[in-house]
Amino acid sequence: MRILWVLLVAAVLAGGCGKKAEPVRSVKVVKDTGAQTASALAARLEAAGQISGSSQRDEALEKVATDAAAAKDADIVKRAVNIIMASASKDRSAEACALALAKQGDVKAAGEVAQMISATSARDRTLAAIAKGEK
């Protein structure tokens, strides 16, 4: 019986499994730019807005807002920041997003987002940086 198994294994190894591997003809390399599409950001915003826990929701909304700013989507930034409940989180997110939008040349939207900051000193600091063209 053992000899049969040895012969079977030897036959499989010698003959292979019957299919030969096909050579890879070409591989398309796709560079991930990290940019989010408007529809993906909108879907993420909707999902974040449905989180029941306020701290988790605010954290998710902050991430959506900063990703939207990086993608130059001021509308999603404003919508996400507007939904954030904790004022410290809202101000921190609005400041970061306003500066990111200004750095990318969307000064008008940057000013609109900066106006969403409730703390006067942070709002003035952000507006001053936008006005001075600081990067």
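Values in this text are rule-based calculations from the coordinates and carry no lab data. On a predicted model such as this, the values are computed, not experimentally measured, just so you know. Using ideal geometry, Cβ is built from the backbone for each residue, glycine included, and neighbour counts are taken over all protein chains shown.
Here are a few things to note about the model shown:
- Computed E for ARG125/ILE51 - FRET, C-beta separation, R0 30 angstrom, nearest 0.05: 0.50
- Approximate spin-label separation LYS72-GLU134, in nm, with each point projected 7 Å along Cα-to-Cβ: 2.4
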